[in-house]
1. Please state the relative contact order of region 120-194 as a whole percent: Cα pairs under 8 Å, 6+ residues apart?
2. In Å and on Cα atoms, what radius of gyration and Dmax does region 123-194 show?
3. Using Cα-Cα distances under 8 Å and only pairs 6 or more residues apart, what relative contact order does region 20-181 have, in percent?
4. Work the Kirkwood hydrodynamic radius out for region 61-103: mean of 1/r over every pair of different alpha-carbon atoms, inverted, in Å.
5. Over region 69-134, what lengths in whole Å, largest first, do the semi-axes of the equivalent ellipsoid take, defined as the square roots of 5 times the eigenvalues of the alpha-carbon gyration tensor?
6. What's the ranking of 361-371, 307-317 by average number of surrounding C-beta atoms within 10 Å, highest first?
Amino acid sequence: MTGESLGTRTVWPGGTRAGEARDPARPFLFSVVFWVVFATTTAVYLLSPGGPARDVLFGANLVLVAGLWLALPWDPSEGRRVVAPAFLLATLTLGITGSAGTHMLMTLIAITNLAFLYGMRTAVTILVAVSAGLFAAVPLLFGKPVTDAALQVAVFAIFAAFVLGMASAVMEARLRREEAQGLLERIRELAVAEERARMAAEMHDSIGHHLTVIKMGLENAERFRDRRPDAVWDEIRQAKQLTVEALADARRWVRALRPLALDGRVGSTALARLAASFDGTGITVTFEVRGEERPLESDTELVLYRVLQEGLTNALRHARAENVRGELTFGDGRVTLVITDDGRGRDPRSSGGFGLTSLAERTRALGGVLTGHGPAGGGFELRAELPSAASDARS
């Protein structure tokens, strides 16, 4: 058991989206603004209705806008992008069927949606075309002076700059998040590769050593069979003992390579199953859970699993322990795993080791800490403390 000593304590460095509420790609703020503007546009029209025929036309236009909004995609990879231009046209026609201009924010949201689906350059081009159309429509269709048209276009442009700026920020944040997720996956792949390299080196050192000595002993037995028959049996007995040790090592590595979910088990059940898998190795292992168990994120479960695995393996290989105790405690926003043994403790002259150092780094990345120390009565204690909700610690 190795690490960087701090007094008596060691700290290791180290589906189809059918509804709006179910569409994670839809920015929540845009949704709020849309429904506020939709309600305002409806209320303003109801204050000065335009007669039965116009009421029907305007009502049908509103229903169309609401239906298209619910079906509107926000992810470029979706196959319903034809809904976007239809939604833009539906919001624009509100000005003809009866809106007094309050609908224009919905038109801006429609243009913003086109920015998400087709890019900012396309959205700006459409915005310029809509502004030109608005400037021409105010005097031609509504008989108002050009100054009113210029004022409306100016107000429209100011709101457009704000909304498109917000859209640009959201798209940039999404891009950075995707890049970060890609880097995280790469880090996980590298961690797995590094762990495999470490395990391969340790397997070579342990099992390879045993097999080399067994081979030499059998070669000696072959040479001594005629001249020194007593020595032959000594060599065979030693080879037999080394074979038992090599087999135990091989079984240990098989246990180490087992996945986190043992026979579909996760959480404390997986940890208890891991502890039980060390039965028959010559040490007595007990495992206990304290507090009200809560679901943990997969990364947190994996780190706890690896810490218990490392603690049990070290107690078996290095500490010459007879008893090992694992205790998983669920506290207030924290989960703690403690592994104690009654072995010979940690050599104070030992230097940093890869296994625990790597685990400490993974623990720290989740907002936790991994420590180890030798209690006064002997043995060794390994403690991992992590947030019970790792996503909160990283946000």
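Quick note: the coordinates plus some simple rules give every number you see, no bench work behind them. Nothing here was measured: the structure is a model prediction, and the numbers come from that model. Here the Cβ is made from the backbone with ideal geometry for all residues, glycine too, and neighbour counts use every protein chain on show.
1. 22 percent
2. 22.2, 74
3. Working: 134 pairs, mean separation 32.3, N = 162.
It rounds to 20 percent for region 20-181.
4. Mean inverse Cα-Cα distance, inverted, gives 10.9 Å.
5. So the three semi-axes of region 69-134 are 20, 14, 8 Å.
6. Ranking the peptides 361-371, 307-317 by packing returns 307-317, 361-371.
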